[in-house]
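Scroll down for the structure; my scribbles are underneath it.
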Amino acid sequence: MTKLTPAQISEMAKTLHRARCEKFEVEPFSKEMGTYDLEDAYKVQAEGINLRIESGEKIIGYKMGLTSKAKMEQMGLHTPIFGVLTNVMHLENHAPFSLTPFLHPKAEPEIYFITNQDLSGSLSLEDVPRVCEKIGVALEILDSRYKGFKYFSLPDVIADNASSSHFVLGDSVPGSTVLDWPQLKIDLLSNTEIVESATGDAILGHPFLSLCSLVELLAQNGKSLPKGSVVLAGAATIATALQAEQIIKGQLQNVGSAVFPVVP
Ligand code: OOG
Ligand code: MG
C-alpha cells in the first residue's frame, strides 16, 4: 500500500477542491496510484476542509457515511466513515436545489442530531437523548467529484469528504423525546411516490449508534465534537439520482419530513 507524502496529500486536496469549486470530474486517485491508507485519506480530507475554511466556509458538523447495509452494498464499501459539513452545504427546508452546476447529484434520507454539549472520547447509546438538543429527519445531497460517481476504494471517498454536497434539515423533536427509534419507518419519496424505504435499525442496528461511532472516530483522529454540531447519521436506504422537476422528500415516522424541489 502506498504511503502518501505531504506533497501528494496537499496536491490531492487541491485537485478535489478545484473540482468541487469549478465543477469538473477527476479520475479516482487509487485508479492510478493504487490504494492508500485511511489515515492518509483523512489527511487529504482535512487539508481540503482547510482550503474551504480559507475561502470563508465554517464547519458546522459532521456526516457519517456507509452506516447501513443498503448503502454499503450500493457503494461496494463496507466500513463506516465520516465527512465534514460546512455552512454553505446547508440548504433550507423546502428551498429549491438547482441541478445545473452539479456533476451527478443523488439524494438519500437521513436522521440528524444537534448536540447540546461538547462530546469527546466515547458516548453510549443510552446517553444520546441527553446530549442532543434535537433529533430530526434530513435529506443529504451527494455529489462525488470522481468521474461517473465511481471510486475504486474507501480512501478515495474519504479524501473526497465522503461525496458530500448539500443537506436539508427537516422536522425534529427534542432529543429526550421517547420514540422507538429503531422501528421508525424512514422513506424517500419522489413527488408522492415512495422510492426507497427502511426502518431506523437499518443504521447500525440503532440510529443513535451512528453518533456514538462518530465520537469514537473523531477521538481516533484526535478531535472532539463541539456543542451545537449538526450530525447526519448516514442514509438508511440507497441514494436516488436527481432529475429536474422532481420534489424529493425524506419522511420519518412520528417526526416529520425534509423536502426540496429539484429545478433545472
Ligand atoms: C459515500 C457517502 C455515504 C451515507 O449516508 O451512507 C453516505 C457515497 O455514497 O458516495 O453519505
Ligand atoms: Mg449520506
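The values are calculated or read from the model by the stated rules, or taken from the named source; none is laboratory data. Everything numeric in this text was worked out from a predicted model, so none of it was measured. All Cβ positions, glycine included, derive from the backbone under ideal geometry; neighbour counts span all protein chains shown. Ligands, DNA and RNA are excluded from the accessible area calculation, which covers all protein heavy atoms including side chains. Shrake-Rupley method; radii C 1.70, N 1.55, O 1.52, S 1.80 Å.
SER122 falls short on exactly one of the conditions (1) out of contact with any Cys (no Cβ under 8 Å at 6 or more places or on another chain); (2) among the hydroxyl-bearing types (Ser, Thr, Tyr); (3) in contact (Cβ under 8 Å) with a residue 40 or more places away in the chain, and that condition is (1). The residues in segment 192-216 that are of a type in the set (Val, Ile, Thr) and not in a strand (DSSP E or B) can be counted, and the count is 2. Per the conditions (1) at negative phi; (2) buried (at least 18 other Cβ atoms within 10 Å of the Cβ); (3) within 15 Å of ligand 1 (Cβ to nearest atom), the sole criterion not satisfied by GLU47 is (3). Within segment 157-191, the residues that satisfy the criterion of being in a loop (DSSP other than H, G, I, E, B) and open to solvent by 50 Å² or more (accessible area, probe 1.4 Å) are SER176, VAL178, ASP180, ASN191.
Looking at the structure I just gave you, is GLY256 modelled with pLDDT under 95, open to solvent by 10 Å² or more (accessible area, probe 1.4 Å) and at positive phi?
Details: modelled with pLDDT under 95: no; open to solvent by 10 Å² or more (accessible area, probe 1.4 Å): yes; at positive phi: yes.
When the stated conditions are applied, GLY256 does not pass them.
Among the residues of segment 148-157, are any β-branched (Val, Ile, Thr) and under 24 Å from LYS43 (Cα atoms)? Yes, that holds for at least one residue. Of all the criteria given as (1) out of contact with any Pro (no Cβ under 9 Å at 6 or more places or on another chain); (2) among the β-branched types (Val, Ile, Thr); (3) surrounded by 15 or more Cβ atoms within 10 Å (Cβ to Cβ), the one not satisfied by ILE141 is (1).
Just the residues that are among the hydrophobic types (A, V, I, L, M, F, W, C), modelled with pLDDT of 95 or more and touching a Leu at 6+ places or on another chain (Cβ under 7 Å), please, taken from segment 67-84. Please lay out each step first, then the result.
From segment 67-84, those among the hydrophobic types (A, V, I, L, M, F, W, C) are 70, 72, 75, 77, 81-82, 84; that's our starting set.
In the following step, the residues that additionally are modelled with pLDDT of 95 or more were identified as 81-82, 84.
Selection gives ILE81, PHE82.
Residues in segment 62-85 that are closer than 19 Å to LEU169 by Cβ and of a type in the set (A, V, I, L, M) were compared, and the one that is nearest to ligand 1 (Cβ to nearest atom) is MET64. Selection within segment 95-116: residues that are closer than 18 Å to LEU232 by Cα and not in a strand (DSSP E or B). The member of this set that is farthest from ligand 1 (Cβ to nearest atom) is ASN116. Only residues that are touching a strand residue (DSSP E or B) at 6+ places or on another chain (Cβ under 6 Å) and not hydrophobic (A, V, I, L, M, F, W, C) were counted in segment 16-35, giving 2. Condition first: more than 16 Å from ligand 2 (Cβ to nearest atom), under 30 Å from ILE9 (Cβ atoms), at pLDDT below 95 and of a type in the set (Ser, Thr, Tyr). Can you find one or more residues in segment 188-204 that meet it? No, every residue in segment 188-204 fails to be more than 16 Å from ligand 2 (Cβ to nearest atom), under 30 Å from ILE9 (Cβ atoms), at pLDDT below 95 and of a type in the set (Ser, Thr, Tyr).
Close contacts from segment 159-171, counting a first residue that is under 22 Å from LYS43 (Cα atoms) and a second that is more than 13 Å from ligand 2 (Cβ to nearest atom) and among the charged types (D, E, K, R), with Cβ to Cβ under 6 Å and a gap of 6+ residues or different chains, come to ASP160/ARG145.
Just one of the numbered conditions (1) within 14 Å of ligand 2 (Cβ to nearest atom); (2) touching a strand residue (DSSP E or B) at 6+ places or on another chain (Cβ under 7 Å) is not true of SER229: (1).
A single member of GLU133, GLU57, GLU126, GLU140 is near ligand 1 (Cβ under 10 Å from one of its atoms) and either at pLDDT 95 or above or under 19 Å from HIS206 (Cα atoms) (or both), and it is GLU140.
Which helices (runs of 4 or more DSSP H) sit wholly inside segment 23-91 and have at least 2 residues that are farther than 20 Å from PRO109 by Cα and in contact (Cβ under 8 Å) with a residue 12 or more places away in the chain? Spell out how you get there, then give the answer.
Numbers: elements: 29-33, 38-54, 69-75.
Because the criterion is at least 2 residues that are farther than 20 Å from PRO109 by Cα and in contact (Cβ under 8 Å) with a residue 12 or more places away in the chain, the helices (runs of 4 or more DSSP H) in segment 23-91 that meet it are 29-33, 38-54.
Looking only at segment 232-248, which residues are within 16 Å of ligand 2 (Cβ to nearest atom) and part of a strand (DSSP E or B)? Matches in segment 232-248: LEU232, THR240, ALA241, ILE248.
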